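The structure under discussion appears below in the form of structure tokens.
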Amino acid sequence: MSENTRSGNTSEFPVSVLMERRMARMGQWTQPQWEAVAVVAGEDLNRSLRRTQVHHDDARDQYLWSGLKVELFKDGCESYWYNLKSDNPRLFVVCFVEDEHDDETLELKPVFVTANQDEANAHMESDDPVFSVPMPDKVLHWVERFVVTHYQPEIKRKRKRKDWVEDSEHAKREREVLGRNRRH
């Protein structure tokens, strides 16, 4: 199995990310526009983080970033569960922007992949590029097993209303008086 259980609190799955760069015209200028095309899951993938160009033509370049992993944590189970319950479960590719070349071309580098929607939202709020891609079946089944094993949804209980009249000082005095009258 591809999954690796590091401890009772976490589990990881090796993945690679296929990123695509297109040059888009913005007025007089052109600038790169990036998209995560897919996440590829499997244990046969390279373990070191590296980029390999897999396609090039006049319109686009595609790069396979290998050496990434999806990590699951027990405290993220509720977010994973909601993701699995959606019509289209997703993985989120979080990237950082790098100035890799002297010609001022900005490159995106995927730094991690998560199934946690809350974590992805936090990175989007920090202006990190985050891409959403369909969750591969192998990863989906692995996430399901993790959630079934570790997630205990909180049981929603209806709060019992407090009877303010019954607990008031006036009611306590009446009970005391009634109690004295019964004894006599």
### Task
Taking the residues in segment 13-66 that are small (Gly, Ala, Ser) and exposed (fewer than 11 other Cβ atoms within 10 Å of the Cβ) as candidates, determine which candidate is farthest from Trp142 (Cα to Cα).
Gly27
### Message
For the list (1) touching a strand residue (DSSP E or B) at 6+ places or on another chain (Cβ under 7 Å); (2) exposed (fewer than 13 other Cβ atoms within 10 Å of the Cβ); (3) at pLDDT 95 or above, I need the number of the one condition that Val113 fails.
### Response
(2)
### Message
Can you tell me which condition Trp34 does not meet? The list is (1) at positive phi; (2) touching a residue at least 60 places away in the same chain (Cβ under 8 Å), and all the others hold.
### Response
(1)
#### Entry: Meets criteria (under 15 Å from the mean Cα position of the chain (by Cα), acidic (Asp, Glu) and either in a helix (DSSP H, G or I) or more than 16 Å from Phe92 (Cα to Cα) (or both)) for Glu119
yes
### Query
What strands (runs of 3 or more DSSP E) completely inside segment 1-74 contain at least 1 residues that are at pLDDT 90 or above?
10-26, 29-41, 60-73
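The values are calculated or read from the model by the stated rules, or taken from the named source; none is laboratory data. A quick note: this is a predicted structure, and the numbers were derived from the prediction, not measured. Every residue, glycine as well, gets a Cβ built from its backbone with ideal geometry; the counts of neighbours run over all protein chains shown.
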